[in-house]
Amino acid sequence: WYKMVNDYMYSIGGVAGARNPANAECFTAQPGTLYENGFADGGQNETCATYNMLKLTGSLFLFDQRAELMDYYERSLYNHILASVAENTPANTYHVPLRPGSIKQFGNPNMTGFTCCNGTAIESSTKLQNFIYFKSKDNQALYVNLFIPSTLDWTERKVTVEQTTNFPNEDQTSLTIKGNGKFDVNVRVPGWATKGFFVKINGKTQNLQAKPGSYLKISRAWKDGDVIELKMPFQFHLDPVMDQQNITSLFYGPILLAAQEPEARKDWRKISLAADDISKSIKGDPQRLEFTIDDVLFKPFYETYGRYSVYLDVVLK
């Protein structure tokens with residue numbers, strides 16, 4: 001898992017990529033060389049590989065409850081799995097190209113194919129609720145891993161937890177507890193939440209120390225109707241290629257933003273950002289997750305169906 005994430009992962013959460021664009025299922029010969037060896041002319045990573053990385057990540061979490069595992073899960077779920085389905089049909093991606101001015105190739109719209117990515121794409125659509133919550137073996141702790149509207153029926157404790165949110169179009173979520181009992185609620189503080197992570201219980205601000213990339217334990221004798229409110233302000237941040245630091249992707253919170261390209265291109269799109277605070281160079285609507293830089297529109301990669309650039313040649317001034 002560490003080898004994949006640290007040496008072979010692209011910004012969408014996908015892994016691998018090979019010199020031969022017709023065989024992007026293979027890993028590059030040398031680790032940490034995605035720029036030199038990974039950006040082939042065709043696809044850079046296979047959707048099935050991300051599907052399997054998510055399975056591995058969830059299994060590892062059963063043994064070791066590290067926030068970095070669910071940070072990866074969130075990244076890949078939003079920026080690859082959700083981005084792998086066509087806009088108006090069930091068609092899905094096989095390889096996902098990440099070079100400048102690329103376009104996704106969606107196949108099997110009638111679900112008649114039998115490739116591995118066809119099968120896992122169908123399965124992925126049934127697994128969107130997976131790994132939102134975990135419980136400890138002794139039923140003394142609940143882990144809140146993902147911020148997705150959902151209802152958890154914790155049968156062993158006769159407790160229901162209802163999560164209400166419009167994440168990622170808003171930077172907050174609320175958890176309503178129905179039932180009574182003393183247990184820990186461990187909420188993930190995302191690694192990208194560097195502008196703070198704020199907690200209210202029943203409307204009262206809690207003085208808790210939250211560290212990005214960790215779990216925040218909230219211990220309490222919970223009463224029926226208690227409400228936990230979590231707020232994690234989004235900010236813009238860059239995710240550079242490991243072996244070419246000026247070639248980087250732009251994120252807003254957990255969401256990868258793709259430059260919307262009018263036509264195919266061979267060169268990396270160049271943008272300049274303020275070195276002291278890159279948000280000064282970016283305008284837009286956080287609720288719609290649409291922004292502009294030098295009159296170029298940026299949208300979430302999972303809402304991009306035309307040509308795009310997810311890697312940019314960035315100059316900080």
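Just so it is clear, none of the values below were taken in a lab; they were calculated from the coordinates. Every value quoted in this text rests on a predicted model; they were computed, and no experiment measured them. Neighbour counts run over all protein chains shown; Cβ positions are idealised from the backbone, glycine included.
For this structure, a couple of remarks:
- Spread of Cα-to-Cα distances over 20 Å intervals beginning at zero, given as percent, for the chain: 31, 56, 13
- Rounded to the nearest 20 debye, the dipole size of the chain about its Cα centre is 780 debye, using +1 on the Cβ of Lys and Arg and -1 on the Cβ of Asp and Glu.
- Listed from fewest to most Cβ neighbours within 10 Å, the set 59, 174, 124 follows the order 59, 174, 124.
- For the stretch 296-312, 3J(HN,Hα) per residue [Karplus equation, 6.51 cos²θ - 1.76 cosθ + 1.60, θ = phi - 60°, Hz, x = Gly/Pro]: 9, 7, 10, 10, x, 4, 6, 10, 9, 10, x, 6, 7, 10, 9, 10, 10
- Working note: Debye formula, equal point scatterers on the alpha-carbon atoms of the stretch 236-316, no solvent; log10 I(q)/I(0) at q = 0.15 Å⁻¹ is -0.48.
- Since only 208, 6, 96 are under comparison, the one whose Cα sits farthest along the positive direction of the charge dipole of the chain, derived from C-beta charges on Lys, Arg, Asp and Glu, is 208.
- Residue exposure proxy: 164, 112, ordered by other Cβ atoms within 10 angstrom of their Cβ from fewest to most, comes out as 112, 164.
- By the beta-carbon count within 10 Å of each Cβ, the least crowded to most crowded order of 94, 133, fewest first, is 133, 94.
- Distance cut-off 21 Å, percentage of C-alpha pairs in the stretch 2-124 lying past it: 38
- Amide H contacts of residue 183 (H built 1.01 Å from N, under 5 Å, at least 5 apart or other chain): 220, 222
- Dipole of the chain, positive end: most advanced residue of 73, 148, 273 [Cβ charges, Cα centre]: 148
- Shape summary of the stretch 148-208, radius of gyration then Dmax from alpha carbon positions: 12.9, 36 Å.
- Largest mean-square fluctuation among 187, 96, 159, in a Gaussian network model of the chain whose springs join Cα atoms under 10 Å apart, belongs to 159.
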